[in-house]
Amino acid sequence: MTLILQSLLDGLIAGSIYALFATGLTLIYGTLHFINFAHGELIMAGAYLAYLFMIPPLSFSPFLSAGLAVLGIIGLALLMDKAVFRPLRNASPLLLLIASLGISLFLQNLAQAVWGAEIRTFPFSLERGLSFGPVVITRVQITILFVAAATILFLYLLLKFTRAGKAIRGVSDNPRLAETFGVESEKIIRNVWILAAALAAVGGVLYAADTNLEPHMGIINLVRAFAAVLLGGTGNVWGALIGGFVIGLSENLGVLILPLGYKDAIAFFIIIILLLFRPEGILGTRWGVR
Amino acid sequence: MLKIEKVSKHFGGVWALRDCSLETRDWPAVGLIGPNGSGKTTLFHVITGFYTPDAGHVLFDGEAIQSLPTHKIVKKGIGRTFQISRIFETLSLMDNLLIARKHVTGEAVLPLFTSWKKVKEEEDRAREKALSLLALMGLEAKKDEPAGNLSYGQRKLVELARTLMLDPALILLDEPAAGINPTLIQKILTVIHALKKEGKRFLIIEHNMDVIIRLCDWVFVLDAGSVIAEGPPDIIRNDPKVLEAYFGK
Amino acid sequence: MINYVLHIVIISEIFALFAVGLQLQIGDTGLYNFGHVAFFGLGAYASALLTVHGVPFLVSLVLSLGIAGGIAWLVGFPILRLRGDYFGLAMLGFAEIMRKAFLNEAWLTRGPMGIPGIPRPSFFGFTVKGLPGFAVLYGGLLLLAFLFVHHVVRSPLGRVFHAIRDDEYSATAVGKDTFRLRRVSLVIGTLLAALGGVLWAHYITFISPSDFTLNETILVLLIVVLGSGWGIPGSILATFLVIGFQEGLRFLPLPESFGRIVAPVQQMAFGLVLILLVMRQHLKGLGKGEQLAED
Ligand SMILES: Nc1ncnc2c1ncn2[C@@H]1O[C@H](COP(=O)(O)OP(=O)(O)OP(=O)(O)O)[C@@H](O)[C@H]1O
Ligand SMILES: [Mg+2]
């Protein structure tokens with residue numbers, strides 16, 4: 001029983017982070033219609049950038065470091081778009097996917113060349129956990145939950161009440177609108193990259209705070225995010241948000257029945273099952289004939 | 001020959017077909033008209049198994065085919081073209097036609113190595129047939145060019161020739177005359193007339209009433225997914241219900 | 001020196017088999033299989049385990065191909081219902097699950113410790129030992145595979161693969177059972193990958209789950225994209241180029257401190273090349289065949 005409660009709590013924390021990854025990825029998918037494999041590397045780079053600011057010689061506070069990392073990753077995402085994705089705007093989704101695989105490989109190995117392959121952790125002092133009966137939560141985890149919730153609230157307000165936010169939702173809810181928006185659409189795409197990158201960076205920092213950093217951490221988180229995107233229905237921001245929590249919970253509850261080594265495979269199982277058994281929502285529109 | 005019984009098909013909240021019924025009886029060429037979005041193309045997709053209907057039956061020579069996969073329906077003798085021509089762009093015209101054969105020994109791995117001679121004979125026979133069809137369309141000079149180079153009208157001809165390679169008993173044409181010049185329309189009309197004489201049956205979607213009148217012996221009118229009228233073409237064009245469907249009251 | 005060259009040739013021959021399989025799937029049939037490495041790994045693991053337990057090499061070779069091919073055939077049932085990037089991603093998922101299985105089913109695979117001491121290929125009382133022997137044997141097998149695939153691609157079967165790549169709808173509309181045909185392509189490509197995997201295991205003599213990661217998938221994808229437009233010979237040539245570059249760098253007399261970053265820098269270069277190739281392809285208007293959704 002305790003085990004289940006603890007797993008639920010861990011799943012909730014992980015899920016709140018995955019929700020940030022997933023909403024960003026689904027925004028990109030909704031507007032540009034391809035699976036951005038390099039989204040995982042935006043997450044990874046966000047974590048490493050924050051780490052860079054936190055350690056000596058800079059030794060900034062965690063919050064300042066995270067803020068600077070977010071700005072840096074927004075820059076990185078805009079650069080990626082300008083250099084690679086914009087010239088490929090009308091290419092088939094497969095070419096875009098392969099190009100993003102190339103970016104992913106490049107950034108992963110850049111991180112490895114600079115920081116080495118070893119696992120690192122943020123230089124926080126190991127704070128003692130607070131216990132509620134038998135369930136334990138650390139200060140860091142409480143902070144994670146707060147930051148994630150605040151980010152989600154911010155995203156909600158942005159999409160709901162600002163003009164730019166409404167335009168983004170318009171495009172991602174209905175691909176046809178992209179044509180209607182015409183010249184506006186490049187501006188919308190830029191805003192989407194900014195938003196997706198910020199979400200990835202915040203999520204990456206939180207993820208690293210909860211676990212650790214290593215150059216290849218992007219890929220598994222991309223997979224989780226993609227599973228969440230499919231769960232929510234592609235392009236659906238709030239669906240992806242809920243999807244993120246579902247993935248976090250199923251991973252942490254799943255290991256109660258599966259061997260621990262298969263934890264990272266759970267998101268893949270979910271992806272395959274979703275792809276196969278949601279033919280209408282996912283396939284129906286993709287393979288429409290005329 | 002072809003009988004549609006109360007077929008319905010919906011997409012989300014839109015009913016593309018609603019209790020649609022029609023029968024081609026013994027008419028050699030049957031027209032299918034109706035305003036944009038009335039469900040004509042969807043009906044073709046249902047007949048050829050691209051869509052499974054939500055309700056109703058499709059009978060071909062008395063046999064229910066609505067839940068068969070497309071390739072089986074095609075082998076039973078129904079061929080079709082698409083509203084926007086779909087051809088194999090990187091393949092040559094010749095290869096586009098050679099694809100369209102019913103039973104090809106060389107399309108499995110083992111026979112490629114064990115019955116190479118048979119594969120070769122089939123190829124030669126098919127090549128001859130394809131050549132004569134390309135000649136019929138006036139495209140034999142381009143037989144080795146990639147089909148992607150063709151103009152809009154020529155694509156329609158290749159698609160038609162490709163369908164004819166299969167010797168279908170019933171041919172479904174989705175707007176064969178749309179968007180092409182009068183000379184080419186004339187050519188297509190001549191070909192279809194000749195085929196009608198050979199005993200082929202047609203079901204033709206067309207907005208051009210002139211073409212319908214010159215080709216079809218009977219016409220069904222579709223509106224909002226249901227058949228609202230039927231009759232001989234010159235009468236149907238003046239039917240008040242049809243005029244209303246097209247132009248409103 | 002000559003040994004280095006032979007080593008590079010042998011590795012290239014192995015990877016060429018792997019790449020030709022993927023070229024048949026992606027280039028000829030339009031099946032963007034991002035999980036090809038799973039079958040390379042399956043071939044390697046199957047044959048390693050069988051021969052370590054005393055099964056003769058030739059028998060093990062046939063059994064391993066059968067196992068990998070059979071699994072591809074089964075996996076095809078659900079996954080071939082998908083197309084385009086979704087197919088690719090589901091296969092990628094399958095490959096990652098396979099890797100986790102290699103890692104976690106330690107009772108069979110020894111997990112992360114891998115399988116050492118895989119015997120050298122031997123048949124009819126003859127054992128392959130020196131590098132020249134490997135180069136000749138593997139080269140011969142590559143040639144056979146090449147002739148086989150070449151024959152298939154130029155046959156009516158290859159033509160119908162190309163038709164499916166161009167427009168699967170049209171192919172069904174002229175009576176093709178595209179599900180069966182795509183599965184044939186998947187299985188043939190898999191057999192080639194598995195053959196590559198078997199040969200890899202018996203040459204390197206030690207395998208572990210880290211040999212079969214997404215990196216290998218991207219490497220072989222890079223090879224196929226690089227060779228695209230020149231068919232099967234193109235991917236073989238591209239393999240020798242890419243593997244030559246990769247393995248060649250390892251033998252440069254680099255200082256120790258620099259050695260640590262050689263591998264990542266090399267992978268970065270591969271990433272860049274892949275991006276540039278895709279952009280060039282787009283400019284040339286290639287890769288259009290896969291656009292199924294149309295309106
Ligand atoms: N795959 C699909 N998804 C959603 N709606 C569809 C789909 N296919 C058709 N529809 C809708 O079904 C209705 C009928 O479409 P259909 O293409 O059959 O019309 P049509 O009679 O062929 O029109 P046109 O003369 O313009 O070709 C339309 O409202 C269309 O928007
Ligand atoms: Mg239509």
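Bear in mind these aren't lab numbers, they're just calculated from the coordinates by the rules spelled out. For clarity, every value in this text was computed on a predicted model and none was experimentally measured. Glycine also receives a Cβ, built like all others from the backbone with ideal geometry; neighbour counts cover every protein chain displayed.
For B:GLY31, which sequence-distant residues (separation of 5 or more, or a different chain) have an amide H within less than 5 Å of its own amide H, given hydrogens modelled in the peptide plane?
Residues meeting the amide H criterion: B:ILE204, B:ASP217, B:TRP218, B:VAL219, B:PHE220.
So for C:PHE34, C:PHE134, C:PHE146, A:PHE146, fewest C-beta neighbours within 10 Å to most, what's the order?
Going from least to most buried by this count: A:PHE146, C:PHE146, C:PHE134, C:PHE34.
Can you pull the one-decimal nm distance between simple spin-label points at B:ALA224 and B:VAL109, each 7 Å off the Cα toward Cβ?
In this crude spin-label approximation the distance works out to 5.5 nm.
How high is the FRET efficiency between A:LEU157 and C:TYR4 when r is their beta carbon distance and R₀ equals 56 Å, given to the nearest 0.05?
Between A:LEU157 and C:TYR4 the formula returns 0.35.
Run down the aspartates and glutamates and flag those whose C-alpha is under 19 Å from the C-alpha of B:LYS6, throwing out any fewer than 8 positions away in its chain.
B:ASP19, B:GLU23, B:ASP54, B:ASP61, B:GLU63, B:ASP223, B:GLU230
Collect residues whose amide H, placed 1.01 Å from N in the peptide plane, falls under 5 Å from the amide H of B:ARG80; neighbours closer than 5 in sequence don't count.
Distant-sequence amide H within range of B:ARG80: B:LEU172.
Could you tell me whether the protein assembly as shown comes out rounded, prolate or oblate from its Cα gyration tensor? Rule is a ≥ b ≥ c as square roots of the eigenvalues, rounded for a/c under 1.5, then prolate if a/b exceeds b/c, otherwise oblate.
In terms of gyration-tensor shape, oblate.
Using the Cβ atoms and a cut-off under 14 Å, what net charge is assigned to the surroundings of C:VAL52, where Lys and Arg are +1 and Asp and Glu are -1?
+2
Quick one: if the Förster radius is 51 Å, what FRET efficiency do B:ASP234 and C:ARG154 give, using the C-beta to C-beta distance and rounding to 0.05?
Working from the Cβ atoms, E equals 0.45.
Give me a single rounded figure for B:103-114: the average over its residues of other chain Cβ atoms within 10 Å of their Cβ.
Mean shielding by partner chains, rounded to a whole number: 5.
Just the Cα atoms of the stretch C:2-294, one point each, no solvent: what log10 I(q)/I(0) does Debye give at q = 0.09 Å⁻¹?
Those come out to -0.43, one per q.
Hey, which aspartates and glutamates would be in cross-link range of C:LYS129, C-alpha to C-alpha under 19 Å, not counting anything within fewer than 8 residues on its own chain?
Here the aspartates and glutamates satisfying the reach criterion relative to C:LYS129 are C:GLU13.
Please report the antiparallel percentage of DSSP beta bridges with both residues in the protein assembly as shown, rounded to the nearest 5.
In the protein assembly as shown, approximately 60 percent of DSSP beta bridges are antiparallel ones.
Report, in listed order, any pair from B:LYS76/B:LYS196; B:LYS75/B:LYS196; B:LYS75/B:LYS142; B:LYS117/B:LYS156 with a Cα-Cα distance greater than 22 Å.
B:LYS75/B:LYS142; B:LYS117/B:LYS156
Could you calculate the contour length gain from A:SER131 to A:PHE146, that is, 0.36 nm times the residue separation minus the distance between their Cα atoms, to one decimal place in nm?
3.6 nm
On a 0 to 90 degree scale, rounded to 10, what angle separates helix C:231-250 from the longest Cα axis of chain C?
40 degrees
Along the Cα-to-Cβ line of B:ASP210, 7 Å from the Cα, sits a label point; which residues in the stretch B:140-171 have backbone N less than 20 Å from it?
B:152-154, B:156-157
Can you sort A:VAL223, C:VAL273 by how many other beta carbons sit within 10 Å, fewest first?
If I rank by nearby Cβ atoms, fewest first, I get C:VAL273, A:VAL223.
In sequence order, what are the phi-derived ³J(HN,Hα) couplings for the stretch A:11-26 according to the Karplus relation 6.51 cos²θ - 1.76 cosθ + 1.60 with θ = phi - 60°, rounded to whole Hz, with x for glycine and proline?
Here the 3J(HN,Hα) series is x, 5, 5, 4, x, 5, 6, 4, 4, 5, 4, 5, 4, x, 5, 6 Hz.
Read phi for every residue in the stretch C:184-192 and hand back ³J(HN,Hα) as whole Hz from Karplus 6.51 cos²θ - 1.76 cosθ + 1.60, θ = phi - 60°, with x for Gly and Pro.
4, 4, 4, 6, 4, x, 5, 4, 5
Using a cut-off of 14 Å between beta-carbons, work out the net charge of the residues near C:GLY231 (Lys and Arg +1, Asp and Glu -1, C:GLY231 not included).
+2
Return one number: the angle in degrees, 0 to 90 and rounded to the nearest 10, between the long axis of the Cα atoms of helix C:214-227 and the longest principal axis of the Cα atoms of chain C.
That works out to roughly 60 degrees.
Looking at the square roots a ≥ b ≥ c of the eigenvalues of the Cα gyration tensor of the stretch C:3-145, which shape do they give, rounded for a/c under 1.5, prolate if a/b is larger than b/c, or oblate?
oblate
Let me check I've understood the local charge: for A:ASP10, count other residues with C-beta under 12 angstrom from its C-beta, Lys and Arg +1, Asp and Glu -1. What total comes out?
-1
In deg cm²/dmol, rounded to 500, what helix-only [θ] at 222 nm does chain A give when every DSSP H run of at least 4 residues adds -39500 (n - 2.57) and the total is split over its residues?
Only helices count here, giving -23500 deg cm²/dmol.
Assuming a ≥ b ≥ c are the square roots of the Cα gyration tensor eigenvalues, decide whether the stretch B:90-149 counts as rounded (a/c under 1.5), prolate (otherwise, with a/b larger than b/c) or oblate.
Here the stretch B:90-149 falls in the prolate category.
Per-residue counts of other Cβ atoms within 10 Å, averaged by peptide: what ranking do you get for C:123-131, A:105-113, C:87-95, B:139-147, highest first?
Order by mean packing, descending: C:87-95, A:105-113, B:139-147, C:123-131.
Sort out for me the Cα centre separation of the stretch C:82-116 from the stretch C:1-76, rounded to whole Å.
That distance is 14 Å.
Over the alpha-carbon set of the stretch A:66-177, divide Rg by the Kirkwood Rh and report the Rg/Rh ratio to two decimals.
1.07
Find how many whole Å separate the alpha carbon centroid of the stretch C:206-257 from the alpha carbon centroid of the stretch A:49-66.
38 Å
At 7 Å along the Cα-to-beta-carbon direction for both B:LYS75 and B:VAL14, put a label point, then send me their distance in nm to one decimal.
Between B:LYS75 and B:VAL14, the label points sit 3.4 nm apart.
Apply the membrane-span-like helix rule to chain B: whole DSSP H runs, Cα extent along the own long axis of at least 18 Å, mean Kyte-Doolittle hydropathy at least 0.5. List the helices found.
B:182-197
Using modelled amide H (1.01 Å from N, peptide plane; none on Pro or chain starts), what sits under 5 Å from the amide H of B:ASP54, excluding residues fewer than 5 places away?
B:SER8, B:LYS9, B:HIS10
Highest first, please rank the peptides A:13-24, B:39-50 by the mean number of other Cβ atoms sitting within 10 Å of their residues.
Result, highest mean Cβ count within 10 Å first: A:13-24, B:39-50.
At a Förster radius of 35 Å, what calculated FRET efficiency corresponds to the Cβ-Cβ distance of C:ARG260 and A:PHE124, to the nearest 0.05?
In this case the efficiency is close to 0.80.
In nm, give the distance between the simple-model label positions of C:ARG120 and A:LEU78, each being 7 Å from the Cα along the Cα-to-Cβ direction.
If labels sit at C:ARG120 and A:LEU78, their model points lie 6.1 nm apart.
Evaluate peptide C:269-281: per residue, the Cβ atoms of other protein chains within 10 Å of its Cβ; return the mean as an integer.
Mean shielding count: 6.
Could you put C:HIS150, C:HIS162, C:HIS53 in order, starting from the residue whose Cβ has the fewest other Cβ atoms within 10 Å?
C:HIS53, C:HIS150, C:HIS162
Any lysines with Cα under 29 Å of the A:LYS166 Cα? List them, leaving off those in the same chain fewer than 8 positions away.
A:LYS82, A:LYS187
Can you work out ³J(HN,Hα) from phi for every residue in the stretch A:241-247, in order, using Karplus 6.51 cos²θ - 1.76 cosθ + 1.60 and θ = phi - 60°, giving whole Hz and x for Gly and Pro?
4, 5, x, x, 5, 4, 5
How far, in degrees from 0 to 90, does helix A:39-54 lean away from the longest principal axis of the Cα atoms of chain A, to the nearest 10?
Around 40 degrees separate the two axes.
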